[in-house]
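Take a look at the structure set out below.
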Amino acid sequence: MTDQIAREQRVRQYYQRVDAHDLTGLLDLFASDAVYHRPGYAPLVGRESLKRFYGEERAIREGSHSVSAAVLDGDRAAVHGEFHGVLKDGRAVSLRFADFFVFNDQGFFQRRDTFFFAPMV
C-alpha cells in the first residue's frame, strides 16, 4: 500500500472514529506531540490535551461528518466536508468545514487545523 493511500485511509478513519466516540482509536491517529488548531481554543498540544478536548471540552455532543473531498500531497492532506449534529446545549448544528492535516514520518497526524463555514461550535 502506498503512503498516499495509507494517509487517505487515516484521514477517513479520523472522521469515523470521532463520530463513533472512539477516543482511544482517535488518539492513536495522532503523534504524541501533535498540535491541533481549532477556532475558539488555544492550540491543543499532545495527546493529553487532545484527550481532554475530545473527552470533555468539545462543544459537540454527537453528529456525523461527511467528506466531500480529500486531497493529498506528500505529507499533507486537505479535506472539505459537512458536519451535522447536536451541541452539548441541545442546539442542532449543520456546517461545512475544511481540515488540513500534516503527517509525520511514521504516518501519524503531526498537526491539524480546522476551519468552519459558520460561527464557532
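Quick look at the numbers
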{"item": "Estimated FRET transfer efficiency when R0 is 25 angstrom, pair SER32-ILE5 (beta carbons, to 0.05)", "result": "0.55"}
{"item": "Acute angle (nearest 10 degrees) that the helix 3-19 long axis makes with the longest principal axis of the chain, alpha-carbon atoms", "result": "20 degrees"}
{"item": "Structure-derived semi-axes √(5λ) of the Cα gyration tensor in Å - corresponding label in [x] 22, 16, 13; [y] 22, 20, 16; [z] 26, 16, 14", "result": "[x]"}
{"item": "Of VAL11, SER66, GLN106, farthest towards positive along the dipole that unit charges on Lys, Arg, Asp, Glu beta carbons give segment 1-108", "result": "SER66"}
{"item": "Rough spin-label spacing in nm, given labels placed 7 Å along Cα→Cβ, for GLU57 and HIS21", "result": "2.1 nm"}
{"item": "For VAL71, solvent-accessible area (1.4 Å; no DNA, RNA or ligand), Å²", "result": "90 Å²"}
{"item": "Computed E for ASP75/PHE117 - FRET, C-beta separation, R0 25 angstrom, nearest 0.05", "result": "0.45"}
{"item": "Helix-only mean residue ellipticity at 222 nm for the chain, each DSSP H run of n ≥ 4 adding -39500 (n - 2.57), per residue, nearest 500", "result": "-7000 deg cm²/dmol"}
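The values are calculated or read from the model by the stated rules, or taken from the named source; none is laboratory data. Everything numeric in this text was worked out from a predicted model, so none of it was measured. With ideal geometry, Cβ positions are generated from the backbone for all residues, glycine too; neighbour counts draw on all protein chains shown. The area values use the complete protein model at the heavy-atom level, side chains included, leaving out ligands, DNA and RNA. Shrake-Rupley method; radii C 1.70, N 1.55, O 1.52, S 1.80 Å.
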